Amino acid sequence: MVEDEHRVANYVKKGLETKSHIVDVAYDGEEGFDLASEEKYDVVVLDRMLPKMDGLTICKKLREEGIHVPILMLTAKSAVEDKVDGLEAGADDYLAKPFAFNELLARVKALGRRPRNQTGEVLKVGNLELNTNTYEVKRDGKKIALSKKEYALLEYLMRNKAKVLTAEQIVEQVWPYDSNVLLNTAQVYIGYLRKKIDQAFHNKPSLIKTVRGFGYKIEEK
């Protein structure tokens, strides 16, 4: 956790430790960046307004160095544009102060369950490739432009190749702890991906499959 308000940092640290988490705390941005870039963490809880180095800069520098640890940005700035800035800087989720500890705990758990990225890892299903370092997606050598959510959904499908994923699992992983997202959102975004991944390559086999009554999967056959 990177938080300059000692009272907040110690409150969250104590609460997470009672739930069997091990927590390191940094009270300024430089120390936080050094810890996050040198150690392997499951999740980083990051304040936006910090002395020495702000949270947005920390996010950007970690992503530039190929460090894909899930980041929950915790801040008093809750306007939509502030959230967008945080997400575009590389944060995975955003929680405004004041917050309920149970909500923070749920978000930390959701982020901690995400599959871990590895620098330069290339995921493949047939002739479809996704590079987790460059965020490039290609099929048959041709680049495919995806939105951030489309990319996140495709990465989740590809990391679970040939495994049936329910709409509930997809929403939980791609839209973590967002109560405003309906289950049919998964179906909508599966449709978006199909247009770009399968229908745009009509002379190639379809990769994204619906398993009626259960969910969705991606596989070569």
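Every number here is computed from the coordinates shown, using simple stated rules; none is lab data. Treat the numbers as computed from the prediction; the structure is a model and nothing was measured. Using ideal geometry, Cβ is built from the backbone for each residue, glycine included, and neighbour counts are taken over all protein chains shown.
Dipole of region 6-112, Cα-centred, from +1 at each Lys and Arg C-beta and -1 at each Asp and Glu C-beta, to the nearest 20 debye? For this selection, approximately 460 debye.
Peptide packing: for 86-92, 11-17, the average count of neighbouring Cβ atoms within 10 Å per residue gives the ranking 86-92, 11-17, highest mean first. Counting only alpha carbon atoms, the long axis of helix 101-112 and the longest principal axis of the chain meet at about 50°. All C-alpha to C-alpha distances of region 1-70, sorted into 5 Å bins beginning at zero, yield P(r) values of 3, 18, 30, 25, 16, 6, 1 percent in whole numbers.
Cross-link pairs exceeding 25 Å between alpha carbons, from the set 13/97; 19/52; 61/163; 109/196: 19/52; 61/163; 109/196. Where both bridge residues fall in the chain, DSSP classifies roughly 60% of the beta bridges as antiparallel. For the chain, a simple Cβ point-charge model (Lys and Arg +1, Asp and Glu -1, everything else neutral) yields a dipole of about 1420 debye relative to the Cα centre.
In the elastic network of the chain, a GNM with C-alpha springs shorter than 10 Å, the most mobile of 85, 93, 28 is 85.
Taking packing as the residue-averaged number of other Cβ atoms within 10 angstrom, the listed peptides 51-61, 198-208 run from highest to lowest as 51-61, 198-208.
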